[in-house]
Each structure stands twice: as C-alpha cells, then as structure tokens.
Amino acid sequence: MRVLSILLFFGVLCTAVSAQDFEVAPVMVNFQVEPGGSDSRRVTITNHADKKQLFTLKLSDYDIDDNGSIKKIKEGESSRSLKEFISLSPSILELPPNGTGTVDLILNVPAGEYGT
C-alpha cells in the first residue's frame, strides 16, 4: 500500500508540474446589442508560467439547462448561436513568462436578427 501511495503522489505531482498556469479575466462576457448594432469587449490573458506559452483562442457554443449545467454543443447547432456574428482579434497570443495580452471580442449583429 505504501508503494501505491508514493506512485499516486508522484503521478499527481508530475501532472501538476506540466499543467499550464494562466489567468483569463473576465471569465464571462455579456453583450447587450440591438439588431443592426455592434459592440466589443476586451479579455485579458496572463501567463503565470515560468516559460513562454502559445495560446490559441477558439469560440464554442454551449447550452445551459434549468439546473445551470453547461453542455457544449456543435457550432451553429443552436438557433441562438453567435458563430456568424462574433470574432476574436487576435486569435493567437504568445506570451512571455508573467506576460499579459489582450483579446478583443467583436460582436456585429445584423439588422433584423432577433434570435441571438
């Protein structure tokens, strides 16, 4: 049993050491845009690791059920998807140790689009 405990601890330690250490703020972004309008929000990413990190940013659709559980769904599957209306700039960031970068989320809602 002692050997198993040591191996388990070593496995957890190795996993923790190889994990990325970064921060995203704010975690949740809300838009209130009327059809035909546009808006943007800025998100900050900080690399807390001791080495340079490359961050590739992607958007995805999700659904929240009545219990508040989040379920990822295929892009464009929801009638409320923003896939065609939102973009990231830039979508790739390379940050040095303890470096910070910003990403702009840009939402352009076409006139007459009330479903999102």
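Name the residue, out of V3, V12, that is surrounded by fewer than 10 Cβ atoms within 10 Å (Cβ to Cβ) and modelled with pLDDT under 85.
V3
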Fill in: Matching residues in region 41-96 - criterion: being charged (D, E, K, R), farther than 22 Å from L107 by Cα and surrounded by 11 or more Cβ atoms within 10 Å (Cβ to Cβ)
K52, E94
Item to complete: Could you please give the count of residues in region 28-40 that are acidic (D, E) and open to solvent by 80 Å² or more (accessible area, probe 1.4 Å)?
Response: 1
Discussion item. If I go through region 97-116 residue by residue, how many of them are under 30 Å from K51 (Cα atoms) and open to solvent by 40 Å² or more (accessible area, probe 1.4 Å)?
Written reply: 6
Fill in: Cβ-Cβ under 6 Å pairs, at least 6 apart or on other chains, region 98-116 side in contact (Cβ under 8 Å) with a residue 40 or more places away in the chain and under 24 Å from S78 (Cα atoms), far side among the hydroxyl-bearing types (S, T, Y) and surrounded by fewer than 12 Cβ atoms within 10 Å (Cβ to Cβ)
D104/S89
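The values are calculated or read from the model by the stated rules, or taken from the named source; none is laboratory data. Predicted, not measured: the structure shown is a model, and the values here were computed from it. Note that each Cβ is placed from the backbone with ideal geometry, even for glycine, and that neighbours are counted across all protein chains shown. Just so you know, the surface numbers come from the protein's heavy atoms only, side chains and all, with ligands and any DNA or RNA stripped out. Shrake-Rupley method; radii C 1.70, N 1.55, O 1.52, S 1.80 Å.
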